[in-house]
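Written below as structure tokens is the structure these notes are about.
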Amino acid sequence: MVSMDKIVSLCKRRGFIYPSSEIYGGIAGFWDYGPLGVELKNNLKSEWWKSMVYEREDVVGLDAAIVMNPKVWEASGHVSGFVDPLVECKNCHNRFRADKIVDSTCPNCGQKGKFTEPKKFNLLTEVLLGVTEPKQKAYLRGEITQGVFVNFQNVVSSSRVKIPFGVAQIGKAFRNEITPGNFTYRSREFEQMELEYFIKPDAKVADKTFNDWREQRINWYKSLGIKSENLRLRKHKDDEKAHYAKEAYDIEYKAPFGWSEFEGIHNRGDWDLGRHNLKYKDQESGQEYTPWVIETSGGVDRATLFFLLDAYQEEDKRIFLKLHPKLAPFKAAVFPLVSNKTELVDKAMKVYKLLKTDFFTAWDDRGNIGKRYFAQDEIGTPFCVTIDYISLEDGTVTVRDRDTTKQVRISIDKLKKYISEMISYETR
Ligand code: GAP
């Protein structure tokens, strides 16, 4: 298994992820996505949106505001219940989450048993709004979810959804984590991709819907290439369930720092709509009820990190990211065999421009061809297209496969079709 150090260094070196505001010493729990990171993350979100919205008939999308009326968070139970237990080491005065302390030993100074009693620490991040004093206190959303619930009636009355139906959303959430860490894994600003699926208030329907979504979600990660042996489902014990959850499972990844959650499947029952006093009227039967909610809540940043960790391979001194072509930042790279032959460069530039209209494509004419292959392997580019002397004669190019390093000759007029078929292949 690859070490975190190697991934952190690759991410920085090749432009996937940088520490936020690094030139001022950074800020704990915040990260910036570079030119390749933003592509990987966007590809992941767009695959999620396709599978959750476009490929279904019963799900619509939403993009709610990050800041809401603070009453939302009182009603949802987050002001009182969204808490972690905080302890302070009496020796070094660093603060930690009590449930993450191993063997009563301070992770900072190593002193044993010198902690204060746990205090409840609320994770909501406060913001102050307005120009007159006292300013109005509000919160950056601690989960993107509440935006869906407070728009429940808007969605029902403005679209043609009928129970059962879902609302999908992707967006930023903020938590004032006591101990951000493990690179982007525990951040204070992160993105979530969530589905709130509204059903009749019926335990049997809830169980079936919950089980179906649990299977679909873990299979989705597998379909995009995460190895089965690195994934598992874990049921929450009663004492670890969130305040809103009747039942909860985590999808976990076998990370270098241990099995770690990156998506939660929750049966939220009628907790949220009940707290916001929202009901649904069945148009056919006239029956009015508070729907129950099954939720799938994935972390975009955690999934991005785990896709990177899972894809990292070292073989014969070659480092390559075996990312699914759908996720890879660049789909192809185009090279002239040598850069000092005008005909080769001109022809290669034409191929580059041709591909660029359909796929995010890289251009490289520096150094030797072997180095260019290695540079693309390291960032996960699945196909490298080289224009050589034969290309000038018969209009064919070589296409090298990142995973096998094998090359095939393809005619330029069939290149787009070939690459597009290879991107959508389902088994790797
Ligand atoms: N709406 C339900 C909800 O927010 P959660 O289990 O608290 O449930 C869902 O969070 C997902 O959000 C997690 O599985 C994780 O991927 C991501 N997430 C939560 N806290 C995070 C943090 N501090 N940093 C990065 N991702 C986080």
**Asked** assigned to a loop (DSSP other than H, G, I, E, B), touching a Phe, Trp or Tyr at 6+ places or on another chain (Cβ under 9 Å), among the charged types (D, E, K, R) and free of Cβ contacts under 8 Å to residues at least 60 places away in the same chain - does that describe any residue in region 81-88?
**Response** no
**Prompt:** Which pairs have Cβ atoms under 7 Å, sit 6 or more apart or on different chains, and link a residue in region 254-268 that is within 17 Å of THR304 (Cβ to Cβ) and in a strand (DSSP E or B) to one that is open to solvent by 20 Å² or more (accessible area, probe 1.4 Å) and more than 9 Å from the ligand (Cβ to nearest atom)?
**Reply:** LYS254/ASN230
**Prompt:** Quick check: is even one residue across region 165-177 open to solvent by less than 60 Å² (accessible area, probe 1.4 Å) and either in contact with a His (Cβ under 6 Å, 6 or more places away or on another chain) or away from the ligand (no atom under 13 Å from the Cβ) (or both)?
**Reply:** yes
**Item:** Positions within region 100-127 being assigned to a strand (DSSP E or B) and over 29 Å from the mean Cα position of the chain (by Cα), in sequence order
**Value:** THR105, LYS112, PHE115, LYS119
**Request:** List every residue pair whose Cβ atoms lie under 6 Å apart, where the two residues are 6 or more positions apart in sequence or sit on different chains, the first residue falls within region 280-299 and is touching a residue at least 24 places away in the same chain (Cβ under 8 Å), and the second residue, located anywhere, is open to solvent by 30 Å² or more (accessible area, probe 1.4 Å) and in a loop (DSSP other than H, G, I, E, B).
**Result:** TYR289/PRO201; THR290/ASP270; THR290/LYS279; TRP292/PRO201; TRP292/ASP270
**Prompt:** From the set of residues in region 233-279 that are away from the ligand (no atom under 13 Å from the Cβ) and crowded, with 20+ Cβ neighbours inside 10 Å, which is nearest to ALA206 (Cα to Cα)?
**Reply:** GLY269
**Message:** With the structure loaded, tell me whether GLU88 is of a type outside the set (Lys, Arg), surrounded by fewer than 16 Cβ atoms within 10 Å (Cβ to Cβ) and over 23 Å from GLU191 (Cβ atoms) or whether it fails that test.
**Reply:** no
**Message:** So, in region 91-102, exactly how many residues are open to solvent by 50 Å² or more (accessible area, probe 1.4 Å) and in contact with an Asp or Glu (Cβ under 6 Å, 6 or more places away or on another chain)?
**Reply:** 1
**Request:** Say whether the condition of being without any contact (Cβ under 8 Å) to a residue 60 or more places away in the chain, over 30 Å from SER285 (Cα atoms) and buried (at least 18 other Cβ atoms within 10 Å of the Cβ) is met by at least one residue in region 178-195.
**Result:** no
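Residue-wise test of (1) part of a loop (DSSP other than H, G, I, E, B); (2) aliphatic (A, V, I, L, M).
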| site | (1), (2) |
| --- | --- |
| ALA28 | yes, yes |
| ASP32 | no, no |
| TRP48 | no, no |
| MET52 | no, yes |
| ALA64 | yes, yes |
**Message:** I'm told LYS137 meets every condition in (1) surrounded by fewer than 17 Cβ atoms within 10 Å (Cβ to Cβ); (2) touching a residue at least 24 places away in the same chain (Cβ under 8 Å); (3) closer than 25 Å to SER297 by Cα except one. Can you identify the failing condition by its number?
**Reply:** (3)
**Verdict on GLU314 being part of a strand (DSSP E or B) and either surrounded by 14 or more Cβ atoms within 10 Å (Cβ to Cβ) or within 16 Å of the ligand (Cβ to nearest atom) (or both)** = no
**Asked** Pick from region 280-302 the residues that are within 15 Å of the ligand (Cβ to nearest atom) and polar (S, T, N, Q): which of them is most open to solvent (accessible area, probe 1.4 Å)?
**Response** SER297
**Request:** Scan region 7-44 residue by residue and report those that are touching a strand residue (DSSP E or B) at 6+ places or on another chain (Cβ under 7 Å), touching a residue at least 60 places away in the same chain (Cβ under 8 Å) and surrounded by fewer than 17 Cβ atoms within 10 Å (Cβ to Cβ).
**Result:** PHE30
**Complete:** ARG97 passes all but one of the listed conditions (1) assigned by TED's automatic domain parsing to the domain that holds LEU44; (2) of a type outside the set (Val, Ile, Thr); (3) under 29 Å from the mean Cα position of the chain (by Cα); the exception is number (1)
**Message:** For region 381-428, which positions are out of contact with any helix residue (DSSP H, G or I) (no Cβ under 7 Å at 6 or more places or on another chain), touching a residue at least 24 places away in the same chain (Cβ under 8 Å) and loosely packed, with under 13 Cβ neighbours inside 10 Å?
**Reply:** TYR389, SER424, TYR425, ARG428
**Request:** Please specify each residue of region 136-159 satisfying the condition of being farther than 18 Å from GLU126 by Cβ, of a type outside the set (Ser, Thr, Tyr) and away from the ligand (no atom under 11 Å from the Cβ).
**Result:** VAL150, ASN151, PHE152, GLN153, ASN154, VAL155, VAL156
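The values are calculated or read from the model by the stated rules, or taken from the named source; none is laboratory data. As the structure is a prediction and not an experimental result, all values here were calculated from the model. Positions of Cβ are generated from backbone atoms using ideal geometry, with glycine treated the same way; all protein chains shown enter the neighbour counts. The protein model used for the area step is the full one, side chains on, heavy atoms only, and it has no ligands, DNA or RNA in it. Shrake-Rupley method; radii C 1.70, N 1.55, O 1.52, S 1.80 Å.
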